[in-house]
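Presented below is the structure to which this report refers.
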Amino acid sequence: MKDEDQHDADSYHVPVLIEEVMTYLTRGGDGLYLDGTLGGGGHAFALLSACPGCCLLGIDRDPEALARAQARLAPFAARVRLLLGSFLDAAGDPQVRRDGLAGALLDLGVSSHQLDDDRRGFSMRPGLSLDMRMSLEGATAADYLASVPEAALLRDLRGGDAPRPRALARAIVARRGRRPLALSDDLVGVLESVLGRPAKHSEKARVFQAVRIAVNDELAVLEEALPALRDALNPGGVLVVLSYHSGEDASVKRMFRAWSDPGRGIPPKVPLRQHEMSALGETLTRKPVSAGPAELAANPRSRPARLRAWRKAA
Ligand SMILES: C[S@@+](CC[C@H](N)C(=O)[O-])C[C@H]1O[C@@H](n2cnc3c(N)ncnc32)[C@H](O)[C@@H]1O
């Protein structure tokens, strides 16, 4: 890749833990891979470069990401098929059903481009309309904040680690009764009225993240997609997940553990048939892998990343 092409690619999104992702993912060997969160195509580019015997199904909900990845992966066009949609639907894709997957990658959350593009309304920067839709379709963050019942809002704020979730949910509902929340400043304003002081960057970030996760239904999609992707893997196939939020990482950890050690946590007196006891595969990462000092210095957005990998029994 030429230097200016690399710069262009990196300004869209710098792929996180790229060497570690490749080390685990390529243990699946040659065959069909899924990149369910294609973004700018950085991980996909690395996979296709490293593995001449691999082909790729790339999926993203975001049409802008898909267009960018298509340009970036043009040198590999003969081995690449791209789809606009959710990775939730990947296991039902006809090619996946026919050939099975050698590996699947989910690099969750949002890309740098989505965060940096003011039109997308993901950011807490002042004056942005509250949008946050990855797919550019459906209800925006402003619609969600205008209509979500208080109990569901509280659950979402708690799940997203927002500060003072109960008081914040109540204040959002009170505020929308007077005037809708339309801009990033409106959400920050309600948060600061609850805190009684200027909010720290990390506090605002957690509130915006909680709303984004709810608007895109990210936790429910992940919970449903993981078992479907496990079933779509061929024997020896690998599932790699990069999470950026404690709730996501907890789901991945719990599922990988249950699939690797199904008897765990079941009281000894409960009788189990033999096939229910056998492990479906092994967790390759005993602990989650996170970015080291050099990557953190070069790309601070890699800080929350947690990588977990699981391999289906051969
Ligand atoms: C962190 S970025 C991925 C970056 C990518 N690995 C790269 O190297 O450029 C996450 C991407 O996943 C997409 N995404 C999130 N949830 C999705 C879902 N359920 N289905 C498809 N794409 C999703 C987002 O639109 C975003 O483009």
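The values are calculated or read from the model by the stated rules, or taken from the named source; none is laboratory data. All values reported here derive from a predicted model rather than from experimental measurement. All Cβ positions, even for glycine, are placed from backbone atoms using ideal geometry, and neighbour counts span all protein chains on display. Remember, those area values only see protein heavy atoms, side chains included, never the ligands or the DNA or RNA. Shrake-Rupley method; radii C 1.70, N 1.55, O 1.52, S 1.80 Å.
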For this session: Kindly indicate whether Met134 is touching a residue at least 12 places away in the same chain (Cβ under 8 Å) and near the ligand (Cβ under 9 Å from one of its atoms).
Result: yes
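Can you tell me how many residues within the range 175-185 are surrounded by 19 or more Cβ atoms within 10 Å (Cβ to Cβ) and either part of a helix (DSSP H, G or I) or not assigned by TED's automatic domain parsing to the domain that holds Pro165 (or both)?
1
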Exercise. Is there a residue being in contact (Cβ under 8 Å) with a residue 24 or more places away in the chain and within 23 Å of Gly36 (Cβ to Cβ) anywhere in the range 159-179?
Worked result: yes
Exercise. Can you tell me which of Leu82, Leu57, Leu48, Leu66 is in contact with a Cys (Cβ under 7 Å, 6 or more places away or on another chain) and either crowded, with 19+ Cβ neighbours inside 10 Å or not assigned by TED's automatic domain parsing to the domain that holds Pro288 (or both)?
Worked result: Leu48
Exercise. Restricting to the range 6-62, what's the tally of residues that are away from the ligand (no atom under 13 Å from the Cβ) and among the hydrophobic types (A, V, I, L, M, F, W, C)?
Worked result: 5
Seminar exercise, completed: All conditions in (1) modelled with pLDDT under 95; (2) part of a loop (DSSP other than H, G, I, E, B) are true of Met124 except (1)
Problem set entry | Filtered residue count, the range 93-107, keeping only those that are open to solvent by 10 Å² or more (accessible area, probe 1.4 Å) and within 13 Å of the chain's Cα centre (by Cα) | 1
For this session: Have a look at Val207, Val211, Val188 and point out the one that is more than 19 Å from the chain's Cα centre (by Cα), farther than 30 Å from Gly281 by Cβ and outside any loop (DSSP other than H, G, I, E, B).
Result: Val188
Problem set entry | Residue list for the range 210-236, filter: away from the ligand (no atom under 12 Å from the Cβ) and farther than 25 Å from Ala102 by Cα | Ala210, Val211, Ala214
